[in-house]
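The values are calculated or read from the model by the stated rules, or taken from the named source; none is laboratory data. Small disclaimer: the values here were computed from a predicted structure and weren't measured. Please note: Cβ atoms are built from the backbone with ideal geometry, for glycine as well, and neighbour counts cover all protein chains shown. Remember, those area values only see protein heavy atoms, side chains included, never the ligands or the DNA or RNA. Shrake-Rupley method; radii C 1.70, N 1.55, O 1.52, S 1.80 Å.
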Amino acid sequence: MIEQITIEKFELTLVEIRALSEKLHGAVYTPGDAEYEAARLVWNADINRHPALIVRPADATGVAAAVTFARENELPLAVRGGGHSLPGYGACDGGVLLDLSALKGIEVDPAARVARVQGGVLGRELGKATLPHGLALPLGQVPATGVAGVLLGGGIGWLTRMYGLSCDHLLSAEVVTADGQIITASASEHPDLFWALRGGGGNFGIVTSMEVKLQPAGMILGGMIIHPMTQAADFLRFYRDFAANAPDELATTLMFVSIPPIPVIPAHLHGQPAVMTGVCYAGDIEEGQKVLAPLRAFGTPLVDMIAPMPFGVLQGMGEAGGELGLRHDIRSGYLQELSDEAIDTIVDSVFEMPRPFSATHIMHLGGAMSRVAPDATAFPARDARFLYNILPIWQDASQADASRSWMNAFDDRLQPFTHGGVYVNFLGDEGPERVRAAYGPNYDWLATVKQQYDPTNLFHINYNIEPMLPGQ
């Protein structure tokens with residue numbers, strides 16, 4: 001460890017670093033430490049930031065000490081759960097990176113179908129604890145993401161149509177506020193904060209633990225069916241009608257990709273442009289076979305890997321989206337309909353997609369998530385029918401301009417068909433107006449809650465909601 005670090009006009013000696021570590025009940029890393037380089041990296045390799053301090057508290061008291069330290073010394077504060085923020089909000093330059101990865105506690109009460117989960121737990125870690133009981137918290141499709149980050153932004157995944165969003169399952173949260181207090185938010189305690197946490201992201205405090213309700217998740221009918229990209233236009237027109245009649249038990253995601261080198265897929269198909277349809281039927285298996293029969297009969301599939309399986313096997317397939325080392329960006333939004341014009345736009349654009357890593361996803365929404373009022377939680381887009389993700393992914397920095405050019409042109413062409421909002425967890429670094437679009441009619445009330453719990457906007461390295469006094 002170096003003897004002293006300087007952050008602009010602020011100096012911190014070795015003795016003070018050690019004292020901070022004791023308050024945190026955890027580790028403090030500076031640029032001179034062997035652990036620093038690995039600790040500063042995030043999932044998106046396009047992000048390359050150098051915090052002055054990386055702090056890794058062991059408990060909520062330590063988190064509160066880190067927040068107080070950053071506030072009192074007027075330092076930028078970034079908060080990292082799983083580190084999967086596409087714009088790299090889990091890192092900062094010249095400030096404090098508060099890393100929650102030491103907060104790994106999980107307690108499961110299978111009889112009550114409730115779990116208590118600390119703020120550094122990843123989706124795969126929670127699944128390992130709950131799935132042996134035949135239970136799961138509905139989360140996203142990539143198990144490497146942090147549970148808290150997914151839930152606080154809403155949480156859309158395989159079980160959304162069946163059970164609702166991740167945030168719909170929050171029962172209470174332990175929160176460290178900007179003034180260093182540790183409070184509980186629930187329906188009966190700080191209900192305004194509890195409302196805002198369910199979709200409002202990390203704007204209001206740091207969630208150090210959560211109590212969540214779990215849902216049954218045993219055997220499902222799921223997997224993947226793959227069609228050649230040459231069938232994309234006809235397949236999308238078929239899929240439009242198929243999705244319109246889908247029961248809540250069925251979730252599907254279309255992935256326009258170059259087939260990745262997955263061992264279960266024949267090697268001669270690797271790299272071939274294709275439409276991969278991910279499937280999760282969470283109801284009766286025999287009924288699911290009937291529901292999925294038209295999908296499996298359409299066209300000439302290259303591979304049909306749909307089969308009965310434990311839900312955890314399907315969830316584990318998303319690990320392919322969690323690897324480090326690639327550069328990412330995103331444009332996303334909602335579609336109400338897959339009109340012929342929208343389908344033609346999608347097909348034309350995916351044929352121009354940079355290869356081999358880039359992808360385009362279309363997720364079918366609706367079901368249980370749509371039966372919650374738009375103002376019941378901070379997440380407002382309850383009536384959206386489809387979610388699209390345009391995902392340029394590249395390896396070499398020299399490919400960035402071409403990759404982003406394709407992304408922006410595709411997104412511009414889709415705008416006439418969009419719902420108008422955006423899922424905050426799938427936002428890029430797109431500015432305040434897009435954040436406002438994510439929250440729509442709920443934004444002003446969120447800004448009022450922000451004023452109450454973080455009036456100086458300490459928690460601003462995020463999809464930021466600025467504080468606003470009532471009546472402004």
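Couple of notes before you dig in:
Rundown of residues vs (1) touching a Phe, Trp or Tyr at 6+ places or on another chain (Cβ under 6 Å); (2) among the small types (Gly, Ala, Ser); (3) in contact (Cβ under 8 Å) with a residue 24 or more places away in the chain, yes/no style:
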site	(1), (2), (3)
GLY81	no, yes, yes
VAL96	no, no, yes
ALA112	no, yes, no
ALA115	no, yes, yes
GLN118	no, no, yes
TYR163	no, no, yes
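- Single residue of GLU341, GLU337 found to be touching a helix residue (DSSP H, G or I) at 6+ places or on another chain (Cβ under 9 Å), in a helix (DSSP H, G or I) and open to solvent by 50 Å² or more (accessible area, probe 1.4 Å): GLU341
- Across region 224-233, a minimum of one residue is classified as out of contact with any strand residue (DSSP E or B) (no Cβ under 9 Å at 6 or more places or on another chain) and either surrounded by fewer than 19 Cβ atoms within 10 Å (Cβ to Cβ) or not polar (S, T, N, Q) (or both).
- Of the residues in region 293-301, at least one is out of contact with any helix residue (DSSP H, G or I) (no Cβ under 6 Å at 6 or more places or on another chain), open to solvent by 20 Å² or more (accessible area, probe 1.4 Å), outside any helix (DSSP H, G or I) and over 29 Å from ASN408 (Cα atoms).
- The residues of region 81-109 that are farther than 17 Å from ALA60 by Cα and either among the charged types (D, E, K, R) or open to solvent by 60 Å² or more (accessible area, probe 1.4 Å) (or both), listed by number, are ASP93, ASP109.
- Checking each residue in region 23-51 for being in a helix (DSSP H, G or I) and touching a helix residue (DSSP H, G or I) at 6+ places or on another chain (Cβ under 9 Å) picks out LYS23, LEU24.
- Pick from region 1-25, criterion under 14 Å from ALA52 (Cβ atoms) and hydrophobic (A, V, I, L, M, F, W, C), ranking: modelled with the lowest pLDDT: MET1
- Looking only at region 413-430, and only at residues there that are in contact with a Ser or Thr (Cβ under 8 Å, 6 or more places away or on another chain) and not in a loop (DSSP other than H, G, I, E, B), the one that is least open to solvent (accessible area, probe 1.4 Å): LEU414
- Those helices (runs of 4 or more DSSP H) lying entirely in region 84-189 with at least 2 residues under 27 Å from ALA70 (Cβ atoms): 147-153
- Subset of region 111-143 that is open to solvent by less than 20 Å² (accessible area, probe 1.4 Å) and within 22 Å of LEU98 (Cα to Cα) - its residue that is modelled with the lowest pLDDT: PRO143
For (1) within 25 Å of HIS84 (Cβ to Cβ); (2) open to solvent by less than 10 Å² (accessible area, probe 1.4 Å), each residue gets a yes or a no:
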| position | (1), (2) |
| --- | --- |
| TYR388 | yes, yes |
| ILE393 | yes, no |
| ASP411 | yes, no |
| LEU446 | yes, yes |
| GLN452 | no, no |
| ASN457 | yes, no |
| ASN462 | yes, no |
